[in-house]
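Chemist: Can you keep this structure in mind? I'll have questions shortly.
The values are calculated or read from the model by the stated rules, or taken from the named source; none is laboratory data. In this text, all values refer to a predicted model and were calculated from it rather than measured experimentally. Every residue, glycine as well, gets a Cβ built from its backbone with ideal geometry; the counts of neighbours run over all protein chains shown.
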Amino acid sequence: MDVETQPIALETETGSPRAATEAPVTDSAPVSVLILTRNEEINIEACLKSLTFSNDIVLLDSLSTDRTLEIARTFPHVRTVQRPFDTEWKQRNFGLHCIAYQNRWVYICDADERVPPELAEAILAVARDPAPEHAAYRLRYKNIYMGRWIKHASSYPVWIMRLVRPERVAYEVRETNVHPIVDGTTGSLQKHFVHYSFNSGLRRWFQKHNFYSTREAMEGVKIRRGARPRLRLLRGGDPMTRRRTMKNLSYFLTGRAFFRFIASYIFGRGCLDGMPGLHYCLMISMYEYWIELKINEQEADWNSRTDQLVEQLLREPTR
C-alpha cells in the first residue's frame, strides 16, 4: 500500500513502549475495537456500554484534559494509549499499525457513536468466519440531531470503512476526511451504527468544523493545483470512490455553499426532515462556505497583500 506510515513507539498509560507483536491473537472474542478520543467525557461511557461484544478495546487518546480516560478505565477490557494529535492520517495509521490487538479484526469507532446489538452480531459473524471473503467492510450510519434521525439532510446512505484487518489497511495521506486504502476486496454490512454528532453541543460542533474547514481548504488548494478528477469515476461501483470524486470536484466549484444547500435540502429532500433538516442543511452549507473562503484566502495570499497595503498606507503622508 503506497501510504506513508512511519513506525512510532507506543506509549501506554505507564509510559513504557509496547511492541506491536506483544498481544497474542485470540479467537475467543474475535473483534477488537479502536476509538480515537479527545475530551469525550460526555460520550465515552455510552459508547463503551454499546461495545460489550469486544474483549479488547483500545482508546487512542489525543491528550484529553477532561475525564475521558478516568471514565474509560472503569470499564473492563479497555486499554488507553496516548499520542499527541498531529494529522488525522498519521493518528489513524498509528492506531492500526503501532498498537498490538488481541484479535485479528478491528472495529473502528468514534466516541459519539453507538453500536446496536444487530450490528454487533453482524460484526461478530464476519469475525467468526474462518475464511472471510474480504479484507475490510464498510457500513452506514444514522445521524441524529434534535432527537431525530436526519435521514435525508445527512445524504444517507454514507458508507464508511469500519471493520478491518489492520495489516491489510492503511489510511491515505490527506489533510482531513482520510479514506482507508485496502489491500484486497471490501464488503458491506447492512446494519447501521448510530451517530450522535451533536451530543457535545453546537459550540463544539462549530469548533470542530472550523478546524475541519481549515484542513479541507489546505487539501483543496493541493487538489486545485492538479488536474480535475475524471468524471467517469462518478460512475464507478465503489460508493467511497464516488464520494471522494465528488469531494475533489467540489474544490473547483464557486458558490459551493449555495449548491450544497440546494443539493441537500431540495434534491436530497432534507426538507422532509422538518426543522432539524433545515438547520442541518444550513450548518453544512455554512461549513462549505468556510472552506471556500479559506481556499480563496490561501490562494490569494491575503495576509501578504494586507501587510503590503498597511506598509503603503503608513508611508503615505497624513492629510
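Chemist: Please enumerate the residues belonging to the stretch 239-253 that are hydrophobic (A, V, I, L, M, F, W, C), in a helix (DSSP H, G or I) and either in contact with a Phe, Trp or Tyr (Cβ under 9 Å, 6 or more places away or on another chain) or within 14 Å of residue 176 (Cα to Cα) (or both).
Modeler: 240
Chemist: Just one of the numbered conditions (1) part of a loop (DSSP other than H, G, I, E, B); (2) out of contact with any Ser or Thr (no Cβ under 7 Å at 6 or more places or on another chain); (3) not small (Gly, Ala, Ser) is not true of residue 42; which one?
Modeler: Condition not satisfied by residue 42: (2).
Chemist: Let me ask something else. Can you tell me which residue is surrounded by the fewest Cβ atoms within 10 Å (Cβ to Cβ) among those in the stretch 266-319 that are among the basic types (Lys, Arg) and at negative phi?
Modeler: Only one residue tops the list, namely 319.
Chemist: Shifting gears a bit: Report yes if some residue within the stretch 149-163 is of a type in the set (S, T, N, Q), in the same structural domain as residue 39 (by TED's automatic domain parsing) and not in a loop (DSSP other than H, G, I, E, B); otherwise report no.
Modeler: No, because not a single residue in the stretch 149-163 is of a type in the set (S, T, N, Q), in the same structural domain as residue 39 (by TED's automatic domain parsing) and not in a loop (DSSP other than H, G, I, E, B).
Chemist: Now a separate question. Assess whether residue 174 counts as being assigned by TED's automatic domain parsing to the domain that holds residue 115, basic (Lys, Arg), surrounded by 15 or more Cβ atoms within 10 Å (Cβ to Cβ) and over 18 Å from residue 287 (Cβ atoms).
Modeler: no
Chemist: Look at the stretch 184-232 and say how many of its residues are of a type in the set (A, V, I, L, M, F, W, C) and closer than 22 Å to residue 143 by Cβ.
Modeler: Summing the residues that are of a type in the set (A, V, I, L, M, F, W, C) and closer than 22 Å to residue 143 by Cβ in the stretch 184-232 gives 8.
Chemist: How about the stretch 30-77: which of its residues are touching a Lys or Arg at 6+ places or on another chain (Cβ under 8 Å) and under 17 Å from residue 195 (Cβ atoms)?
Modeler: Selection gives 36, 46, 47, 50.
Chemist: Sticking with this structure for a sec: Only one of these is more than 21 Å from residue 47 (Cβ to Cβ) and not assigned by TED's automatic domain parsing to the domain that holds residue 210: 125, 72, 120. Name it.
Modeler: 125
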